[in-house]
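Inspection log for the structure reproduced underneath, given as structure tokens.
The values are calculated or read from the model by the stated rules, or taken from the named source; none is laboratory data. Keep in mind that what you see is a predicted model, and the values were worked out from it rather than measured. Note: ideal-geometry Cβ built from the backbone for every residue, glycine included; neighbour counts use all protein chains shown.
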Amino acid sequence: MNLARREPRWAVFFTVLLALIAQVVPLPEWLSVVRPSFVALVIIYWSIYAPHAGGIFAPWLAGLALDVFKGDVLAQNALAVALVAYIAMSLHQRLRNQTLVQQSLFVFAMLTLNEFVVWGIEGWSGHPVASPWRWLQPMVGAMLWPFIALLVGRTHARS
Amino acid sequence: MAVFGSATSRSFGGRGPSFGFRFFCYAVLSVVLMYYDRHGGFLDTARYGLQAAIYPLQLAVNSPSAAWNWLEESFTTREKLQAQVDQLRNDLRAQQLVTIRHAALESENATLRGLNAAMPDVIERRLIGEVISFEFSKARQRLLVNRGGRHGVYKGQPVVTGDGVLGQVFRIGPFSSEIILITDSEHGLPVTDVRSGVPAIALGTGDSTSLELPYVPQNHDVKVGDLLVTSGLGRVFPHGLPVARVTKVERDPTQLLAQIHAVPLAGIESDREVIFIWERPGHPAATATPEALAVEAPVTPAVTPP
């Protein structure tokens, strides 16, 4: 189990916590409608570069925290983020060989999927759905991806 | 799509079950949680605990603005504070002038109604809470306040400000509660027009400066400038709390209903303090008691005839 000790567990914890804060910090409305899912972005990073540090549990828990925080249906973000993490983990070996800019295409797809799952659950549970500007969020997220990946990458020694 | 299979993930570590299996477990768990969050009541206790767990984070997120306010308050000049005190003193005098006749009017009212003594106020107890954070979006108009179950706050409790009705408690944690504002697009509030007594329902629009009264027939007497108060019919708010003032009445002859807009009296985006109220049970202006509302429980008469 000396392998497990090298996993950047604390880095995962703190970066996800920071992402959670960035996700819910109050912003003016025009900014907050295009605010990308920072939690999903950070989770994608860890799923690619340290898939065993958090497993599926950490993404799921982060999503659940987001649900409680935003007062959404319990587990809607949890499911969406866990799904994204699962796909990223399954493809992590292939994604690691790509440049950050190439990865951002994948990130765009994943954020769209994340948004789609949340949107579907919101519709199913009868909550009013947020503005159509939400579909810009994945685009913004994909553009931010190289910076976020570099930033998060500094928290651990990459092998 | 072979990469999605469990074979690749298993070849990587060989520790524990594959990602696919684990994801499947969490997905099932999520769906179960969602179902019970929607249909069952017992997840409320879980949420209550989770709210407590998340509370420090909520405080942390809003600490920058809180710190800014604190700094601003600590560095206000003496003159500014003095001006504020003078202003408050003036306001108090004005209020005193209004209330000085209140006692006399109340006993007069009681005599007219044939009561022996004036009724006590419908609001029995109040609690002041501070706003921690807010959300004023089209989909949601909510406040997070630093009072919760530990302070006796309950779900569905009316919340007001000095100027009018603000909303009701939507979700509680031990130390905090979420308030759904009357301007939330999912909120409806039964009101009456003070001048004409016309009943209406004030719906939130998702805009914190306007309410809509969509179900008032054309010929009902509602005018611009009318004061709307709670009617006490919604089982949440006691009767007679000021809510809004009518700002626009459109009567399109081809429509059955009038289009009425009103502006809430409570300064929804500006107030940093809110008041939770407990109404006096059995008061004529109070809403029906929970016992009387319970469908299963037999209604016990409050006064037994001699």
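A few points about this structure:
- Matching residues in the stretch B:32-59 - criterion: being at the interface with chain A (Cβ under 7 Å from one of its Cβ atoms) and β-branched (Val, Ile, Thr): B:ILE54
- Residue within the stretch B:236-243 that is part of a loop (DSSP other than H, G, I, E, B) and in contact with a Phe, Trp or Tyr (Cβ under 9 Å, 6 or more places away or on another chain) present: no
- Scanning the stretch A:100-127 for residues that are over 20 Å from B:ASP37 (Cβ atoms) and within 13 Å of another protein chain (Cβ to nearest Cβ) yields a single hit, A:PHE106.
- Residue list for the stretch A:1-56, restricted to those being within 11 Å of another protein chain (Cβ to nearest Cβ) and among the small types (Gly, Ala, Ser): A:ALA4, A:ALA22, A:SER32, A:SER47, A:GLY55
- Only one of the numbered conditions (1) within 16 Å of B:LEU29 (Cβ to Cβ); (2) more than 12 Å from the chain's Cα centre (by Cα); (3) more than 8 Å from chain B (Cβ to nearest Cβ); (4) in contact (Cβ under 8 Å) with a residue 24 or more places away in the chain is violated by A:PRO59, and that is (2).
- Yes/no for A:ILE56 being surrounded by fewer than 24 Cβ atoms within 10 Å (Cβ to Cβ), β-branched (Val, Ile, Thr) and closer than 18 Å to B:PRO17 by Cβ: no
- Among the residues making up the stretch A:87-98, a single one is under 18 Å from A:ALA19 (Cβ atoms) and at the interface with chain B (Cβ under 7 Å from one of its Cβ atoms): A:MET89.
- Single match in B:LEU57, B:LEU88 (criterion: within 27 Å of B:ASP163 (Cβ to Cβ) and at pLDDT 80 or above): B:LEU88
- Among residues of the stretch B:169-208, those that are within 11 Å of chain A (Cβ to nearest Cβ) and free of Cβ contacts under 8 Å to residues at least 24 places away in the same chain, counted: 1
- Hits in the stretch B:155-200 (condition: at pLDDT 90 or above and among the β-branched types (Val, Ile, Thr)): B:VAL159, B:VAL160, B:VAL165, B:VAL169, B:ILE179, B:ILE180, B:ILE182, B:THR183, B:VAL191, B:THR192, B:VAL194, B:VAL198
- Candidates in the stretch B:137-155 are the residues that are in contact with a Leu (Cβ under 8 Å, 6 or more places away or on another chain) and within 13 Å of another protein chain (Cβ to nearest Cβ); of these, the one that is farthest from B:THR205 (Cα to Cα) is B:LEU143.
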